[in-house]
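Worksheet for the structure shown next.
The values are calculated or read from the model by the stated rules, or taken from the named source; none is laboratory data. Quick caveat, the model's predicted, so the values are computed rather than measured. Positions of Cβ are generated from backbone atoms using ideal geometry, with glycine treated the same way; all protein chains shown enter the neighbour counts.
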Amino acid sequence: MAEATAPKPSSSVKLVLLGEAAVGKSSLVLRFVNNDFQENKEPTIGAAFLTQKCNLPTRTIKFEIWDTAGQERFASLAPMYYRNAQSALVVYDLTKPTSLVKAKHWVAELQRQASPGIVIALVGNKLDLTNESASSSNNLGDDSEGDATEGEADDGDARKVSTAEAKSYAEEEGLLFFETSAKNGTNVSEVFTAIANAIPETSLKGARGPGATQAASRTEDQSRVNLTGPRDSAAKDTCAC
Amino acid sequence: MESLSDTRWDVVISGTGLRHSLLALALSRSNKKILHVDENDYYGGPEAAFSLQEVDEWVEELGKAPTSTLFRNASIWKSEEETSTDSPTLSFSRAYTLTLSPQIIYTKSKLLSRLVSSKVYRQLEFQAVGNWWIYNAEEAVLKRLPNGREDIFQDKNIDNRAKRNLMKFLKFVVDYENQTDVWEAQSESGLDIFLSSKFNFPAHLQIVITALTLSLAPPSETSVKWALPRIARHLTSIGLFGPGFGAVVPKWGGGAEISQVACRAGAVGGGVYVLGTGIENVKVVEAEDTESPAFHLALSNGEAVGTKLYVHEATDKDNGGITTVSKAISIISSSVPSLFRSTVEGSPLAAVSVVVFPPMSLQIADGIQSDPVYIMVHSSETGECPAGQSVLYSTTKSSSLSKIVLQAALESLMNRVPNQGKLLYTLYYEQTAPSGSPLDLSFDDQLLEQVEAQWREVMAEKANEESFMQFEERKGMEAEEEDDNDY
Ligand SMILES: Nc1nc2c(ncn2[C@@H]2O[C@H](COP(=O)(O)OP(=O)(O)OP(=O)(O)O)[C@@H](O)[C@H]2O)c(=O)[nH]1
Ligand SMILES: [Mg+2]
């Protein structure tokens, strides 16, 4: 369908994933990019780079995703990935309160050091381990299992971070907020779509005010020099090489 | 938590400057266990890029440790806050990325082909260096340097005899390697004598040609054998990646951007990165076999690590060539569009213009300006400043007068362009070349050769099976167009 119509404007958006080890950053990316899940995903060493497109009604966003390692010994990596990033996904594990503490630390560092216009989404992952997994955090009126009380429950609810707590923090800091499950896919594409929508259109066109200078997207603007000649850009659009 | 000392490292690299970052990139598919540390808490070392606040911190640090580094005498000047609201002012700290490495990269440079063959060019964005201007003191104007042969023909400022001589020289210089009879006898002499004796160039043309070499010395001290390859490079680079330009710069902070992209590749390849950690002590040990460490390193964070190879940044000072330069990074409240206006059809929007002040073109109160000044004007297209402003990178050879000389050049430039705006900020500093890598306003491919030599040393016999920085597309990138699950 999309091919039949005139091509929509397309732009690249750099996104960096940050968060404590084992909260599910790579799993979220795997779900978003390959619609897959691995029960025992090995920890990321260093960082990984992936891309995925996100089709919006009026434009296509190509995410250039940097998935960083959460283990403490890789902590020095983050600055080189959030430099010039237009968006960040800060992930915690909603069954592990310390991971939210770590997430807050990342948010503070991003607000201090990253591009001024950066769009940050706070994501509480592993929603499937709660007994409200069928509902999405943005849609709490859904017909989830009746008594989805926060805190410990006797029916295997492992949730340790309440939606309300994380959400009010996100609101205070002006972050997008979602609870997700990389395992069953809940809310995963929604996170990326919300980020894509939150990137200001002006920054995508390269027409930027002082506030968005460094967060401006890397679109093919008039000043770009192609190092590989016209052949490559044609190939990029048509084949998988 | 696994500590750094639990691993038997194959290579420990100290410093994340351009050279060592490129080494990390070159080794990123080698499966070697690599630890890459930097004593600074930022990436890029001597090629770093900073926000205004980070510049403040950098200047303060330099003040504390003036001898241990390649930089010194750094100071910042800011325009006074004005009470009137419509007068232009500095934007906030992070609206700026001031780079310590604004070198231009000729399109012929091997660096570009290596960035392509190693696939990291996809994460970089290059922009064109457009017009070159030279200041003419007699007429007190900036003159655009001709951009190729057609331009020279059309230039009304050059008389026909000079045009003929110029064309003769251009024809020679792009073939200088095969015409050694013309220049070899004079290879050590100054470019001025060579150009006047062999090509009948008047003084102002000698100056123009010298400017193309980006020589920091006057024509008389710029040797023929050094200059010819550079002039040839300049001329043969034009048009290679599109009409109207022969050099590029990476957006978002020049060399700093390349070094970070290279380190990212190192990290994707499994390299471990630790900032704020230097090497405090090195002990060379007798290795029992090829598998055991040959170096014991004491890190400044208290850990001790063993490694087979240890690569560190040279901080000893050079003693040949030009070793110290004075630099100023200035922010002005104008986009100076006249400097960037293209005269060549189909050329990309230039983000950088080069302005040259030849020796003795500037009025200095207590002395003469014996060396040229180069100002690289970066537009806001580079992502280094907000729209409506520009960042000016000025360089001249260090002398007791160099600070005044830079100031005079800056003033002169601003007075020559319409709506020049106001000077908002200047960072002044002096930089000394580390041994083996002379200071250069353009990227010197020699650095890449040094990286390749180090890569060979690390790879040992495996270097023969693989080519330097020649990589396949990474899996994630490959899948990019194939497995598109569009949401
Ligand atoms: N139940 C459940 N498990 C998950 C979910 N997401 C990830 N996991 C599991 O959590 C573990 C860690 O996931 P990763 O995606 O590797 O975590 P990470 O944040 O990338 O970890 P590092 O790379 O070490 O920083 C794996 O065993 C995953 O299978 C989820 O939504 N639900
Ligand atoms: Mg991971």
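Can you go through A:VAL101, A:VAL107, A:VAL90 and tell me which one is away from chain B (no Cβ under 14 Å), within 28 Å of B:ASN301 (Cα to Cα), in contact with an Asp or Glu (Cβ under 7 Å, 6 or more places away or on another chain) and of a type in the set (Val, Ile, Thr)? So that I can check it myself, show each step before the final result.
On the way: A:VAL101 fails: in contact with an Asp or Glu (Cβ under 7 Å, 6 or more places away or on another chain); A:VAL90 fails: in contact with an Asp or Glu (Cβ under 7 Å, 6 or more places away or on another chain).
Just one listed residue meets the conditions, A:VAL107.
Name the one entry in A:THR202, A:THR180 that is within 14 Å of chain B (Cβ to nearest Cβ), at pLDDT 95 or above and either closer than 27 Å to B:SER93 by Cα or within 16 Å of ligand 2 (Cβ to nearest atom) (or both). Spell out how you get there, then give the answer.
Numbers: A:THR202 fails: at pLDDT 95 or above.
Only one candidate qualifies: A:THR180.
Residues that are in the same structural domain as B:THR382 (by TED's automatic domain parsing): find the strands (runs of 3 or more DSSP E) completely inside the stretch B:71-180 holding 3 or more of those.
B:126-136, B:141-144
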Fill in the blank from the handout: B:ASN165 vs (1) at pLDDT below 95; (2) at positive phi; (3) touching a helix residue (DSSP H, G or I) at 6+ places or on another chain (Cβ under 8 Å): all pass except (2)
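So if I check each of B:LEU111, B:LEU145, which one is closer than 21 Å to B:LEU235 by Cα and at pLDDT below 95?
Working: B:LEU111 fails: at pLDDT below 95.
The match here is B:LEU145.
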Exercise for the section: Would you be able to say whether some residue in the stretch B:178-199 is more than 14 Å from chain A (Cβ to nearest Cβ), in contact with a Pro (Cβ under 7 Å, 6 or more places away or on another chain) and of a type in the set (Gly, Ala, Ser)? Expected result: yes
Exercise for the section: Scan the stretch A:13-56 residue by residue and report those that are in a loop (DSSP other than H, G, I, E, B), more than 11 Å from ligand 2 (Cβ to nearest atom) and at the interface with another protein chain (Cβ under 8 Å from one of its Cβ atoms). Expected result: A:ASN35
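Which residue out of A:GLU172, A:GLU145 is loosely packed, with under 15 Cβ neighbours inside 10 Å and either within 16 Å of ligand 2 (Cβ to nearest atom) or modelled with pLDDT of 95 or more (or both)? It would help to see each step written out before you state the result.
Working: A:GLU145 fails: either within 16 Å of ligand 2 (Cβ to nearest atom) or modelled with pLDDT of 95 or more (or both).
After applying the criteria, what remains is A:GLU172.
Given the options B:ALA203, B:ALA162, name the one that is among the hydrophobic types (A, V, I, L, M, F, W, C), without any contact (Cβ under 8 Å) to a residue 60 or more places away in the chain and exposed (fewer than 14 other Cβ atoms within 10 Å of the Cβ).
B:ALA203
Please work out if A:GLY70 is modelled with pLDDT under 90, within 13 Å of chain B (Cβ to nearest Cβ) and within 11 Å of ligand 2 (Cβ to nearest atom).
Details: modelled with pLDDT under 90: no; within 13 Å of chain B (Cβ to nearest Cβ): yes; within 11 Å of ligand 2 (Cβ to nearest atom): yes.
Judged against the criteria, A:GLY70 is not a match.
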Practice task
Could you tell me which numbered condition A:LYS126 fails, if it satisfies all but one of (1) away from ligand 2 (no atom under 16 Å from the Cβ); (2) modelled with pLDDT of 95 or more; (3) buried (at least 24 other Cβ atoms within 10 Å of the Cβ)?
Solution key: (1)
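When you go through A:ALA78, A:ALA103, A:ALA85 one by one, which is the residue that is modelled with pLDDT under 95, part of a helix (DSSP H, G or I), away from ligand 2 (no atom under 12 Å from the Cβ) and surrounded by 17 or more Cβ atoms within 10 Å (Cβ to Cβ)? Give the derivation first.
Values: A:ALA103 fails: modelled with pLDDT under 95; A:ALA85 fails: part of a helix (DSSP H, G or I).
Exactly one of A:ALA78, A:ALA103, A:ALA85 is modelled with pLDDT under 95, part of a helix (DSSP H, G or I), away from ligand 2 (no atom under 12 Å from the Cβ) and surrounded by 17 or more Cβ atoms within 10 Å (Cβ to Cβ), namely A:ALA78.
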Completion exercise
The one condition A:PHE74 fails out of (1) within 16 Å of ligand 1 (Cβ to nearest atom); (2) within 13 Å of the chain's Cα centre (by Cα) is (2)
Exercise for the section: Looking only at the stretch B:92-101, decide whether some residue is crowded, with 16+ Cβ neighbours inside 10 Å and away from chain A (no Cβ under 14 Å). Expected result: yes
Practice task
May I ask you to verify whether A:THR95 is out of contact with any Phe, Trp or Tyr (no Cβ under 7 Å at 6 or more places or on another chain), of a type outside the set (D, E, K, R) and either more than 13 Å from ligand 2 (Cβ to nearest atom) or in a loop (DSSP other than H, G, I, E, B) (or both)?
Solution key: yes
Practice task
Inspect all residues belonging to the stretch B:111-130 and state whether any of them is under 17 Å from the mean Cα position of the chain (by Cα) and β-branched (Val, Ile, Thr).
Solution key: yes
Fill in the blank from the handout: Going through the stretch B:433-487 in order, the residues found to be more than 14 Å from chain A (Cβ to nearest Cβ), at pLDDT below 90, in contact with a strand residue (DSSP E or B) (Cβ under 9 Å, 6 or more places away or on another chain) and surrounded by fewer than 18 Cβ atoms within 10 Å (Cβ to Cβ) are B:SER435
Practice task
Output the number of the condition that B:LYS308 fails; it satisfies all remaining conditions of (1) assigned to a loop (DSSP other than H, G, I, E, B); (2) more than 14 Å from chain A (Cβ to nearest Cβ); (3) not aromatic (Phe, Trp, Tyr).
Solution key: (1)
